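Working notes, beginning with the structure itself.
The values are calculated or read from the model by the stated rules, or taken from the named source; none is laboratory data. Here the structure is a predicted model, which is why all the values come from computation and not from measurement. With ideal geometry, Cβ positions are generated from the backbone for all residues, glycine too; neighbour counts draw on all protein chains shown.
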């Protein structure tokens, strides 16, 4: 009983991280048709922002020592600033380029960020404990101890989802974003500013990336210049199987990928556990064969059908 | 003069969709551009709205050069376009659709008055305020996009094929509304149509556009019999014009 509960909580917390990362990708795709492969590097940068930029082997704590609310705000601000600079330098000049060109631009940005991290912080992994009490506090359920962190990850995800929905449904800016995501030209002809809406999408996407950074760092306790890449890969897969352009799809896809990975991790016999991702990707291929349009159909896609 | 489109040429890639087209609209006028499919009518409207940029020529609105200005600023200048195919935001509800263009206005009290006016004009929109706009019928969607454009309080409204895909009865209603708007609040209109019959009735002046060029311009009153328009529209020459008995 306790064991199953632990598997469920692990599955939900991994699914939550993927869902948050996938939402960050989905928001930008909705407005700009950009598949931002640098999203994983935004996540990496969020973790590196916690320490003093220095080349040495040890992490010198900086933002990491701030009280939690300030720490969260500072990390978000750093990543939002980086995202807005990226938008201005790379994606604004490419605005009218094809989706493929935009994507290549995001690959380039990803390489630049990774190499900057290597130059500034060195390519060696560093260890950094963040909020270690979150993994130390445990609840005893039956015969199994369950840590606070995975529960917190799920709770934070639910709260952020709720806030995002409220923002998109209830605020004028949110309505403008939804309109632009559906029909960008028409929105502009009604006075919706393209630069504003796109910047807003970058801000939201970056804030989500920063939250993922912190939750992921608290979970792993390690800094690596490519730590965000696997998250990005799974989040991207999540947006594809969820249905590109649908935010609900991003969440559903992220949860699906996370839950499947965790359940396979727990359920596969030990000798094939190392090949878990083969099964995950096999399932992805299967889903795409059965539903090439993704699990959730976006409104824009539904219109075209 | 409110709008002056002066000798514009617009290219899609290397292909010129519109060549040396000039259109003028005075305050309070209804001007119609008619022409067959692919004549460059939509291109002209999209160029006025800043979605497309002309390779030559200028667009002047209320004495300001707006050539190449971005669409959101053109909208702020007071030009509101109802594009072909209506383009309602299907995932937004009816009220969100109506209000989205009011964000650029500063006159809060006036916005509410205009909103009530639109609901009076199209009661069905009020009844379905909370419904997703995608659920409305074609005619209702046409009312919605006209209302949405009106709520930006435009000085010039441009409409691309308001009759497209609508039942004749609903088309009548649309033109009734448009003419009424001109008479009541002095709205200036630039309408693009493929079939010219209704347009001719509603318009003060018309331009016939074919193959990217203006073939004929004139006062609607002078062109009512339709013969000249027919010639310009189909490109008949003097000698063969009676051979083609085309219902018009």
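Checking each residue in the range B:1-17 for being assigned to a strand (DSSP E or B) and touching a residue at least 60 places away in the same chain (Cβ under 8 Å) picks out B:3, B:16, B:17.
Just one of the listed residues (B:113, B:76, B:128) is without any contact (Cβ under 8 Å) to a residue 40 or more places away in the chain, within 12 Å of chain A (Cβ to nearest Cβ) and at negative phi, namely B:76. Residues in the range B:146-161 that are in a loop (DSSP other than H, G, I, E, B) and either crowded, with 23+ Cβ neighbours inside 10 Å or free of Cβ contacts under 8 Å to residues at least 60 places away in the same chain (or both) were compared, and the one that is farthest from the other protein chains (Cβ to nearest Cβ) is B:151.
Kindly indicate whether any position in the range A:209-224 is free of Cβ contacts under 8 Å to residues at least 60 places away in the same chain, assigned to a helix (DSSP H, G or I) and away from chain B (no Cβ under 14 Å).
yes
Reported count of residues in the range B:67-85, each being more than 16 Å from residue A:192 (Cα to Cα) and more than 18 Å from the chain's Cα centre (by Cα), is 2.
If we scan the range A:173-196, do we find a residue that is modelled with pLDDT of 90 or more and more than 14 Å from every other protein chain (Cβ to nearest Cβ)? No, the range A:173-196 has no match at all. Going by the structure shown, is residue B:45 over 19 Å from residue B:162 (Cβ atoms), within 14 Å of chain A (Cβ to nearest Cβ) and in contact with a strand residue (DSSP E or B) (Cβ under 8 Å, 6 or more places away or on another chain)? Spelling it out, it is not the case that residue B:45 is over 19 Å from residue B:162 (Cβ atoms), within 14 Å of chain A (Cβ to nearest Cβ) and in contact with a strand residue (DSSP E or B) (Cβ under 8 Å, 6 or more places away or on another chain).
Among the residues of the range A:118-151, the ones that are in a helix (DSSP H, G or I) and in contact (Cβ under 8 Å) with a residue 40 or more places away in the chain come to 8 in all. Every condition in (1) more than 30 Å from residue A:97 (Cα to Cα); (2) at pLDDT 95 or above is met by residue A:19 except one, and the failing one is (1). Can you say whether residue A:102 is under 29 Å from residue A:156 (Cβ atoms), in contact with a helix residue (DSSP H, G or I) (Cβ under 7 Å, 6 or more places away or on another chain), touching a residue at least 12 places away in the same chain (Cβ under 8 Å) and part of a helix (DSSP H, G or I), as far as the supplied structure shows? Taking the combined requirement at face value, the residue does not satisfy it. Inside the range A:108-117, residues that are surrounded by 14 or more Cβ atoms within 10 Å (Cβ to Cβ) and either without any contact (Cβ under 8 Å) to a residue 40 or more places away in the chain or farther than 30 Å from residue A:149 by Cβ (or both) make up a count of 3. Set side by side, the residues A:201, A:206 differ, and just one is closer than 29 Å to residue B:85 by Cα, at pLDDT 95 or above, in contact with a helix residue (DSSP H, G or I) (Cβ under 9 Å, 6 or more places away or on another chain) and away from chain B (no Cβ under 14 Å), which is A:201.
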